[in-house]
1. S6 versus R96, label points 7 Å from Cα toward the beta carbon: distance in nm?
2. Using only DSSP helix segments of four residues or longer, with each worth -39500 (n - 2.57), what per-residue ellipticity at 222 nm results for the chain after dividing by its residue count and rounding to 500?
3. For segment 35-93, what mean projected area does the convex hull of the alpha carbons give, in nm²?
4. Along the charge dipole of the chain, pointing to its positive end and built from +1/-1 on Cβ of Lys, Arg, Asp and Glu, which listed residue (W124, G85, N66) has its Cα farthest out?
5. Please state the charge dipole magnitude for the chain, taken about the Cα centre, from unit charges on C-beta atoms (+1 on K and R, -1 on D and E), reported in debye and rounded to the nearest 20.
6. Please compute, for the alpha-carbon atoms of the chain, the extent along each of the three principal axes and give them in descending order in Å.
7. Taking R0 as 41 Å, what FRET efficiency do you get between A19 and E40 from their Cβ-Cβ distance, rounded to the nearest 0.05?
8. Output the relative contact order of the chain, whole-number percent, from Cα pairs under 8 angstrom with separation of 6+ residues.
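Any read-out appearing in this document is the output of simple, stated calculations on the displayed coordinates, not a laboratory observation. Small disclaimer: the values here were computed from a predicted structure and weren't measured. Here the Cβ positions follow ideal geometry from the backbone for every residue, glycine too, while neighbour counts run over all protein chains shown.
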Amino acid sequence: MWGVESICAVLSEHGCGIAPSTYYEHRGRRRLRQQVRDDELKTEVSRVYQENFGVYGARKVWLTLNREGVRVARCTVERLMRELGLAGAVRGKVKRTTVADPSAPRAADLVDRRFNPRAPNLLWVADFT
């Protein structure tokens, strides 16, 4: 619809000077080998993760890939899983030690929520639970 030159001219008027050559340079730039390799590895990481019901973490995905002959560093698998939003299952349950009763009476506020005494040892607060 609009050309690159006209868009760059409008951006320059608003203080964001961008030369049209910058756009053409970026468009013509070849992808880095790491980017190409990452795209290939992302499919492999996703495949291993899905084949194992989405419970494998980075360590097990890394071990499985290396066992299958796909040589990759563990930190690379961790980075790719972060980018893909994949995380392994976490063992154990969250322990809840205290469950508040919403209908229970609350303790009186004896200091009017002002915990800024003028000097040391003027205001003491304790909790007996």
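1. 6.0 nm
2. On the way: 5 runs with 59 residues, N = 129.
Calculated mean residue ellipticity at 222 nm is -14000 deg cm²/dmol.
3. On the way: hull surface 16.1 nm².
Averaged projected hull area, Cα only: 4.0 nm².
4. Value: N66.
5. Values: 23 positive and 15 negative charges, 141 e Å.
Using only the charged Cβ atoms, the result is roughly 680 debye.
6. 70, 56, 33
7. On the way: r = 34 Å, r/R0 = 0.83.
Rounded to the nearest 0.05, the efficiency is 0.75.
8. Numbers: 59 pairs, mean separation 20.8, N = 129.
Reported relative contact order: 16 percent.
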